[in-house]
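K.L.:
Sharing a structure with you now.
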């Protein structure tokens, strides 16, 4: 068990702080299969409840499939936009939220609730833990992608039932994430939604409680403001 | 936008491959506040739907609170064990699944469904996306912890309603993860559940589909078996 070197440690913190939910700036450059294999294997090494490994990965490059997914996104996004008005609607309409055709690879990550691996260990109290495991796989993939200079964008504005039909995903399988993946011309220095004024980042201190909800002071010691620029 | 150096890249892949769901080998060594601040800030930099940042973090060190959580775990685990019989029951009874008192810090990560940040962007089609964002935060924290030589174990065998009462978590907030955190004497070379024969790791190739569910060959190219020992 060797400790991480300072540079290895910087690698993990860089991936965390420099990861972006990318919707624009995708390049048409193909993603080599060995790079795809590495980020998929990173996903496959996520934690899973009872070692259940409930995930599957659909690698989508076919144009006709992606065209259907784009139509799904555009239809769903028109409906989603309708709840906003005035200035907020203008802002929404100018956000780039999908990149289904521009990104050379799309990835769909699913959760098979009927997978028997793990024999149900850890799933009796909360059946959602298999979904949580699947999301851990997505996050592993996203961070590995960043280290490979690949952008990834998680498109959640999709009609899931229609998307499952397009991809022929069985009933008992939940579609968890639909991702656009590819090399990019740049990674933003801050999240798109922050840069465009949709939302700002909360202060970490406002989200920390000690021992019980809403106890904002610890009897032991209170956590200082982090210095993200210096991962130590 | 600088590329990752080979060593920085090794850092992220090491964190992914060497991360363990740790339930034993915790050392009593206190976790310094600046290290806790770094892993919590890593969590806070997870992606979130609409930049909603729905998470909160409870840092639990108080002995009396942890004693109640341990009692909850032991009660719940006795019930969970009851579904297994024979050899599998013996195996189950010998698994170490909690480390609530041994780990010097416990962390609870929650999801506030009523948080208004993000103004609902991306949440109309799937209301679970806020839970998914919270799980991404957990995975960021877990990987950063590994790089800091901190073990983390996600204990899911807990009666969630009773745990929420102990921690005074409001009704509208979902308790997503309860983690045991601390320095460890060693990280296993493979997952505990694999080492003890509870379950084995699936072949990645069996989990990859191309363009549509169950298409196992790509018209473009088929992804080779990854070489995890060589992250490139």
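The values are calculated or read from the model by the stated rules, or taken from the named source; none is laboratory data. For clarity, every value in this text was computed on a predicted model and none was experimentally measured. Methodologically, a virtual Cβ is constructed for each residue, glycine included, from the backbone with ideal geometry; neighbour enumeration extends over all protein chains shown.
K.L.:
Quick one: how many residues across the stretch B:130-177 are within 17 Å of the chain's Cα centre (by Cα) and in a helix (DSSP H, G or I)?
P.N.:
Initial filter on the stretch B:130-177 (within 17 Å of the chain's Cα centre (by Cα)): B:130-158, B:160, B:174-177.
Going one step further and asking which of them are in a helix (DSSP H, G or I), we end up with B:130-147, B:160.
Number satisfying all stated conditions: 19.
K.L.:
Counting only residues that are assigned to a loop (DSSP other than H, G, I, E, B) and buried (at least 16 other Cβ atoms within 10 Å of the Cβ), how many does the stretch B:203-217 have?
P.N.:
Selection size over the stretch B:203-217: 3.
K.L.:
Only residues that are facing another protein chain (nearest Cβ under 7 Å) and in contact (Cβ under 8 Å) with a residue 60 or more places away in the chain: list them for the stretch A:122-137, please. Give the derivation first.
P.N.:
Step one: filter the stretch A:122-137 for residues facing another protein chain (nearest Cβ under 7 Å), giving A:122, A:124-126, A:129, A:132, A:135-136.
Scanning the stretch A:122-137 gives A:122, A:129, A:132, A:136.
K.L.:
Would you point out the residue of the stretch B:68-92, among those that are under 24 Å from the mean Cα position of the chain (by Cα) and more than 12 Å from every other protein chain (Cβ to nearest Cβ), that is nearest to residue A:122 (Cα to Cα)?
P.N.:
Initial filter on the stretch B:68-92 (under 24 Å from the mean Cα position of the chain (by Cα)): B:68-81, B:91-92.
Still in the running and more than 12 Å from every other protein chain (Cβ to nearest Cβ): B:70-71, B:74.
Numbers: B:70: 16, B:71: 17, B:74: 13 Å.
Residue satisfying both the conditions and the ranking: B:74.
K.L.:
While we're here: So, in the stretch B:186-213, exactly how many residues are at the interface with chain A (Cβ under 7 Å from one of its Cβ atoms) and either over 24 Å from residue B:141 (Cβ atoms) or at pLDDT below 80 (or both)?
P.N.:
Total satisfying the criteria: 11.
K.L.:
Is it fair to say residue A:183 is more than 7 Å from chain B (Cβ to nearest Cβ) and within 21 Å of the chain's Cα centre (by Cα)?
P.N.:
On the way: more than 7 Å from chain B (Cβ to nearest Cβ): yes; within 21 Å of the chain's Cα centre (by Cα): yes.
In short, yes.
K.L.:
Out of the residues in the stretch A:147-160 meeting the condition of being in contact with a helix residue (DSSP H, G or I) (Cβ under 6 Å, 6 or more places away or on another chain) and either more than 8 Å from chain B (Cβ to nearest Cβ) or without any contact (Cβ under 8 Å) to a residue 40 or more places away in the chain (or both), tell me which one is farthest from residue A:102 (Cα to Cα). First the steps, then the outcome.
P.N.:
Quick first cut of the stretch A:147-160, residues in contact with a helix residue (DSSP H, G or I) (Cβ under 6 Å, 6 or more places away or on another chain) only: A:147-148, A:152, A:156-159.
Okay, now just the ones that are also either more than 8 Å from chain B (Cβ to nearest Cβ) or without any contact (Cβ under 8 Å) to a residue 40 or more places away in the chain (or both), so A:152, A:156.
On the way: A:152: 12, A:156: 17 Å.
This residue is A:156.
K.L.:
Then there's this: What single numbered condition from (1) within 22 Å of the chain's Cα centre (by Cα); (2) modelled with pLDDT under 95; (3) more than 9 Å from chain A (Cβ to nearest Cβ); (4) over 30 Å from residue A:86 (Cα atoms) fails to hold for residue B:105?
P.N.:
In the conditions (1) within 22 Å of the chain's Cα centre (by Cα); (2) modelled with pLDDT under 95; (3) more than 9 Å from chain A (Cβ to nearest Cβ); (4) over 30 Å from residue A:86 (Cα atoms), residue B:105 misses (2) alone.
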